[in-house]
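Below is one structure; the comments refer to it alone.
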Amino acid sequence: SQILILERKIMIDQIFGVWNYWIVFILMMIGLYIVISKKSLLKKIVGLAIFQTSVFLLYITFGKIAGGTAPILTDNVNELYSNPLPHVLILTAIVVGVATTALGLALTVRINKAYGTINEDEISASDLVEYHEKYHEVKK
């Protein structure tokens with residue numbers, strides 16, 4: 001009985017000991033679900049931003065070492081350092097992500113001006129009607 005309780009405690013500690021990976025996974029699935037299920041282009045951009053944030057958190061998690069300090073040289077030769085490279089790469093990725101999101105929003109505004117909607121089904125239907133009108137007009 002006590003062994004079973006101890007085994008359960010160890011299992012719970014193992015599951016919640018990697019809580020940051022659970023957060024990354026949940027955010028990634030939320031972002032993916034939004035991108036796949038929503039028809040609004042604006043909601044798809046928000047889903048991509050959430051997905052992108054989960055990837056940022058994943059890489060930042062890789063760069064952190066328990067007990068590690070900032071990589072500043074000291075007299076202690078046995079000092080444990082966290083890797084700064086993932087953090088630097090994520091700063092660059094954040095800038096690229098903001099620029100990509102801004103471009104997506106600008107394209108969404110242009111699409112809304114051209115089609116009067118940002119719903120992908122309505123845009124596809126409009127393009128399909130326009131194509132068939134043009135094709136049948138040339139055929140006649």
Which residue out of 65, 45 is under 30 Å from residue 24 (Cβ atoms), among the β-branched types (Val, Ile, Thr), touching a residue at least 40 places away in the same chain (Cβ under 8 Å) and in contact with a Ser or Thr (Cβ under 8 Å, 6 or more places away or on another chain)?
45
Residue ID - nearest to residue 50 (Cα to Cα), chosen from residues in region 110-138 that are exposed (fewer than 13 other Cβ atoms within 10 Å of the Cβ) and among the β-branched types (Val, Ile, Thr)
129
Pairs with Cβ under 6 Å, 6+ apart, first in region 108-136 and closer than 26 Å to residue 35 by Cα, second open to solvent by 60 Å² or more (accessible area, probe 1.4 Å) and assigned to a loop (DSSP other than H, G, I, E, B)
119/39; 120/39; 121/39
Restricting attention to region 66-82, report how many residues are within 24 Å of residue 17 (Cα to Cα) and either open to solvent by less than 70 Å² (accessible area, probe 1.4 Å) or at pLDDT below 80 (or both).
7
Residues located in region 83-120, provided they are in a loop (DSSP other than H, G, I, E, B) and more than 30 Å from residue 71 (Cβ to Cβ):
116, 117, 118
For region 1-40, what are the residues that are of a type in the set (S, T, N, Q) and open to solvent by less than 100 Å² (accessible area, probe 1.4 Å)?
20, 37, 40
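The values are calculated or read from the model by the stated rules, or taken from the named source; none is laboratory data. What you are looking at is a predicted structure, and each value in this text was computed from that prediction instead of being measured. Using ideal geometry, Cβ is built from the backbone for each residue, glycine included, and neighbour counts are taken over all protein chains shown. The protein model used for the area step is the full one, side chains on, heavy atoms only, and it has no ligands, DNA or RNA in it. Shrake-Rupley method; radii C 1.70, N 1.55, O 1.52, S 1.80 Å.
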